[in-house]
Each structure stands twice: as structure tokens, then as C-alpha cells.
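J.: My questions all concern the structure below.
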Amino acid sequence: METIIAVLPYLMQGLKVTLYIFFFSIIFGFLIGLVTALMRLTHIKPLNWISKAFVDVIRGTPFIVQLFFIYFGLNSLEFISLDRTVAGILTVAVNAGAYFSEIIRAGIQSIDKGQMEAARSLGLTQSQTMRSIVLPQAFRRMLPTITNQSIISFKDTSLLSIIGIADIVQRGKIQASATFMHFEIWLTVGIIYFVIIYLLSLLSSFIERRFVLR
Amino acid sequence: MTMIQVRNLKKSFGELEVLKDINVEIQEREVVCVIGPSGSGKSTFLRCLNRLEDITDGHVVINGQDITDSKQDINKIRENVGMVFQQFNLFPHMTVLQNVMLAPMKLGKGDKSSIEKKALELLAKVGLSDKAKVYPGELSGGQKQRVAIARALAMDPKIMLFDEPTSALDPEVVGDVLAVMKQLALEGMTMIVVTHEMGFAREVGDRVIFMDGGFIVEENVPEELFGNPKEVRTQAFLSKVL
């Protein structure tokens, strides 16, 4: 017990790294998802193809392969040099982006086309209608699935320990092999993940209640 | 003055030709009711007038501007053409007042206080002053449709298009909506109304157009069209609905 308390600050340092990576990955991932979803919904064929190919490739390959490709593969090219944190954030962002893309696309398509027609008939442009009418309604509808994907991406960050990022898991590994307290340390790491994810889902249901779809 | 001129309008969905050579002129302050069996193309015709449907061939001239001309800014033209839908299509995430204020705010039609004042006047006009702060989900169908009319009027349109505005309503509230439309007609609004309300067409319409199979089969003043239809297809339709 005392040993766990002794290593806890060290593990919590790792939590900071995990949260930092998660925060930026989700923001970039969401932007990637939004842009590729809109690309998929335009009438410009090449944009549709690019977006669909992106989603297919990411969904069709394991996260770990994407991570190795970006960190080891891209870094082996002469003109690219990514540090581990950047590579880690990029991988989680791109991976989450593909899933967000599908969530956002489905959310937008679920809004009745009468909404678009009503706004356009008033003289609003396509992009004004998207911003004021379609996206606000779509986001409310998407929120549960967005939360779900965010939780998956949060857990995916644990795989970044493989490329040496000093997150909770990496620090857990170091401590476990130093102290041999595998049971206590991995239990603690698990509890930390569980608490953060539980807080995330509380936040999400709070937001959902604030913005109930009327 | 001619408000709407439709020349050789054709509309196809893929292989299916829904409108086959429509020609009609509508004057300022005129109320034209369009009747006909379902699938006759009457809703599609209406939706071509503000280009919610892409026009396959022919010309639609609104207030002197040819909307089939790709150089025309369709959004500008739509500001002058209000539309009311069968399914209301209110914005569920906004209050009634926000619904009415949205377009004038987004399109810079004055400052917020004057737009709000106007919106409240329009809600009073449709009899819904007390509903300004509620969300559409809390309204009945008849109330929703009256909000939708107020929303369209907020842009000060010169023309109002009604696409079966009472078809989705419970019978007991149809009268409330028709009363608002009748009031608009009396004030001189140019209106095209696709409807199954033969009573309304007869009483409020200046002219009635009967469509079938993608054509205008017959058009006349209501007394003549209802009382003395010339075409066999008109007679057959009227005998079923009257």
C-alpha cells in the first residue's frame, strides 16, 4: 500500500501526458472528421473519393500499424521528422478522425431535408444553413456516439506507450518491473482510466441534458 | 403587372418526366390555387418557382428575373418568395421567435430590435403572440403552420408559395390556418396555393389551375372551373373530390 502511494505521483505525471495527448488528438480528430464528412457530402466527386478512401484505409488497418507507419515509417523519410508526442497525437487524431467522419456524416444525413429546404427558401445560403440549422441539430443527435468514440480514443492513447511516450501505461510498466508489484500497479492504472472515463461520460450526459433535442 | 411567368417549363427526375411543358402567367396580387390528383406534378411545379427543384428546361421569370439563368443569385430571388411547407419544417432547436427572426437576422435586414419588433407583430398577426418563447415541439400542427407563415413573411416577400399547407393538419385546426391565408390574400399578397381545400380555392382563389399528368389541363376563375369544367379529366377529378 505504501509503495503504491509512493509511485502514485509518478503515475499521475503520466496521466497529465495522457490527458494532454487526448485533448489535442480529440480536437484535431474532430476537425479531421468534420472536414472529411463535409467532403463526403459535397457534389464534387474527387472530394467524395478522397474522403471515402481515407475512412476505408483507417478503418481497415489496426491502430498499432497506423502508429508504427506514422512514427517509424514517416520518420524514416529524409524530409520528415516527428517527435513521439507529435506522432502520437497525429495517430490518435487521424484514427479518431475517420470514425468521427462517419458519425458526423450520418448525423448530418439524419436531419430531415425539409430543414435545409425551409432555410434555403428563406434566402439563406448553403453554408449559412449548414451552420445555423443542420449542424446544431446534427451535433445534438451525434453526441452519444461522439462520446463513445472519444472514450475509445482515450483508451487507444495507452498504446502510445509502445513508442516510448511516458503516459500512465508506460510509467506503470517501468514501476511494475522495478517493484514487481504487478497486481497493485496495474489495478491502480486501471482505476485511474476508469475514473477519467466515468467523468467523461458524466460530462457527456450533462451536456446532453442541457441540449435536449426539442 | 406580371409577377411570375412560366414558359415551357419541363422537369424530369431521371427518366420520369413530371412536368411536361407548363405555361402560365401570374399577376401581382393574384391568388392562384393549384389542384389535381396526387402525382399530377403540382407540388413539383410549385417547387420549381423558387428553384427548390432544379429546372430541366424552360424559363421561370419571377418579378422580371429569370431564375433559370445561372448568373442570377437565387438566394436574392428567394428572399422575395416565401414558402410554406406541408410538414411545416420549423427549426426545432430554436424558439418560435428565433424561427421568425432567423432569416432577417442572417441576411442583414435591419438591427436586432427592429427585426424582433416586426417578428412579434407577425406572430400577433397569426394569433400566436403568447407562443414567442416556446419551442416548436410544444405547438400543435395548426400553430406550427401559422408560425411557418410568420417566418416566411418576416422576409417581406412579394410572393408566397403554399405547398399543401393544411394536408398534415387535424381537421379542427385547418380553419385557423386558412383564415390566416385568407387574410393575407385580402391584403393583396400574390399567392400560389397547392391545395386539396376546394372550399378555400373556390372562396379565396382568383383563379384555379387543374393539373394532371404533368400538364395544366384547365384553368379558370373558380366559379367556372368548379361549376362548369370543360375538360373530361377536370370533370372526373371534381366528381371524386366534391
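The values are calculated or read from the model by the stated rules, or taken from the named source; none is laboratory data. Because the structure is predicted, anything quoted here is derived from the model rather than measured. Don't worry about glycine lacking a Cβ; one is built from the backbone with ideal geometry, like all the others, and counts go over all protein chains shown. Side chains are part of the model used for accessible areas, which takes the heavy atoms of the whole protein and leaves out ligands, DNA and RNA. Shrake-Rupley method; radii C 1.70, N 1.55, O 1.52, S 1.80 Å.
J.: Give the residue, chosen from A:145, A:91, A:179, that is at pLDDT below 95, over 30 Å from residue B:109 (Cα atoms), buried (at least 16 other Cβ atoms within 10 Å of the Cβ) and of a type in the set (Val, Ile, Thr).
T.: A:145
Yes/no per residue for (1) within 11 Å of another protein chain (Cβ to nearest Cβ); (2) of a type in the set (Val, Ile, Thr):
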{"site": "A:110", "(1), (2)": "no, no"}
{"site": "A:132", "(1), (2)": "yes, no"}
{"site": "A:145", "(1), (2)": "no, yes"}
{"site": "A:158", "(1), (2)": "no, no"}
{"site": "A:164", "(1), (2)": "no, no"}
{"site": "A:168", "(1), (2)": "no, yes"}
{"site": "A:175", "(1), (2)": "no, no"}
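J.: Ok, one more. How many of the residues making up the range A:182-209 are under 15 Å from residue A:146 (Cβ atoms) and open to solvent by 90 Å² or more (accessible area, probe 1.4 Å)?
T.: Summing the residues that are under 15 Å from residue A:146 (Cβ atoms) and open to solvent by 90 Å² or more (accessible area, probe 1.4 Å) in the range A:182-209 gives 2.
J.: Give the residues of the range B:155-177 that are part of a helix (DSSP H, G or I), touching a Pro at 6+ places or on another chain (Cβ under 9 Å) and open to solvent by 30 Å² or more (accessible area, probe 1.4 Å), sorted by residue number.
T.: none
J.: Here are some conditions: (1) in a helix (DSSP H, G or I); (2) open to solvent by less than 10 Å² (accessible area, probe 1.4 Å); (3) more than 14 Å from every other protein chain (Cβ to nearest Cβ). Residue B:103 meets all but one. Which one does it not meet?
T.: For residue B:103, the failing item is (3).
J.: Another question about this same structure. When both residues are 6+ apart or on different chains and their Cβ atoms are under 7 Å apart, which pairs have a first residue that lies in the range B:107-121 and is within 14 Å of chain A (Cβ to nearest Cβ), and a second that is part of a loop (DSSP other than H, G, I, E, B) and open to solvent by 80 Å² or more (accessible area, probe 1.4 Å)?
T.: B:115/B:109
J.: Which one of A:63, A:54, A:28, A:69 is within 22 Å of residue A:189 (Cβ to Cβ) and either of a type outside the set (Gly, Ala, Ser) or surrounded by fewer than 18 Cβ atoms within 10 Å (Cβ to Cβ) (or both)?
T.: Exactly one residue qualifies, and that residue is A:63.
J.: Okay, moving on. Could you grab me the full set of residues in the range B:132-154 that are within 11 Å of chain A (Cβ to nearest Cβ) and either buried (at least 22 other Cβ atoms within 10 Å of the Cβ) or part of a helix (DSSP H, G or I) (or both)?
T.: Once the filter is applied, which keeps residues that are within 11 Å of chain A (Cβ to nearest Cβ) and either buried (at least 22 other Cβ atoms within 10 Å of the Cβ) or part of a helix (DSSP H, G or I) (or both), the range B:132-154 yields B:136, B:137, B:138, B:148, B:151, B:152, B:153, B:154.
J.: Sticking with this structure for a sec: Can you tell me which of (1) within 14 Å of chain B (Cβ to nearest Cβ); (2) at negative phi is the one residue A:82 doesn't meet?
T.: That leaves (1) as the condition not met.
J.: Something else now. I need the full set of residues from the range A:121-130 which are facing chain B (nearest Cβ under 7 Å) and of a type outside the set (A, V, I, L, M), in order please.
T.: Correct list: A:121, A:123, A:125, A:128.
J.: Please verify whether the range B:34-50 includes one or more residues that are on the phi > 0 side of the Ramachandran plot, open to solvent by less than 30 Å² (accessible area, probe 1.4 Å) and at the interface with another protein chain (Cβ under 10 Å from one of its Cβ atoms).
T.: no
J.: When the range B:200-234 is examined, which residues are found to be assigned to a helix (DSSP H, G or I) and surrounded by 14 or more Cβ atoms within 10 Å (Cβ to Cβ)?
T.: B:200, B:201, B:202, B:204, B:222, B:224, B:225, B:226, B:233, B:234
J.: Here is a further query. Applying the selection to the range A:115-133, what residues are among the hydrophobic types (A, V, I, L, M, F, W, C) and assigned to a helix (DSSP H, G or I)?
T.: A:116, A:118, A:119, A:130, A:133
J.: Follow-up. Can you pull out the residues in the range A:103-134 that are farther than 30 Å from residue A:169 by Cβ, among the aliphatic types (A, V, I, L, M) and open to solvent by less than 20 Å² (accessible area, probe 1.4 Å)?
T.: A:108, A:111, A:118, A:119, A:122, A:124, A:133, A:134, listed by residue number.
J.: I would also like to ask the following. Checking the structure you have, find out if any residue of the range B:59-75 is open to solvent by 30 Å² or more (accessible area, probe 1.4 Å), among the aliphatic types (A, V, I, L, M) and closer than 19 Å to residue B:191 by Cα.
T.: So far as the range B:59-75 goes, no, none of its residues is open to solvent by 30 Å² or more (accessible area, probe 1.4 Å), among the aliphatic types (A, V, I, L, M) and closer than 19 Å to residue B:191 by Cα.
J.: All but one of (1) of a type in the set (Gly, Ala, Ser); (2) within 16 Å of the chain's Cα centre (by Cα); (3) more than 14 Å from chain A (Cβ to nearest Cβ) hold for residue B:82, so report the exception by its number.
T.: Only one criterion in (1) of a type in the set (Gly, Ala, Ser); (2) within 16 Å of the chain's Cα centre (by Cα); (3) more than 14 Å from chain A (Cβ to nearest Cβ) is unmet by residue B:82, namely (3).
J.: Could you please let me know if residue A:153 is part of a helix (DSSP H, G or I), away from chain B (no Cβ under 11 Å) and modelled with pLDDT of 95 or more?
T.: So residue A:153 passes the test.
J.: Now, a different point. List, please: which pairs have Cβ atoms under 6 Å, are six or more places apart or on different chains, and start with a residue in the range B:165-182 that is free of Cβ contacts under 8 Å to residues at least 60 places away in the same chain and end with one that is of a type in the set (Phe, Trp, Tyr)?
T.: These pairs meet every condition: B:178/B:200.
J.: What's the total number of residues in the range B:87-100 that are assigned to a helix (DSSP H, G or I) and open to solvent by 20 Å² or more (accessible area, probe 1.4 Å)?
T.: 1
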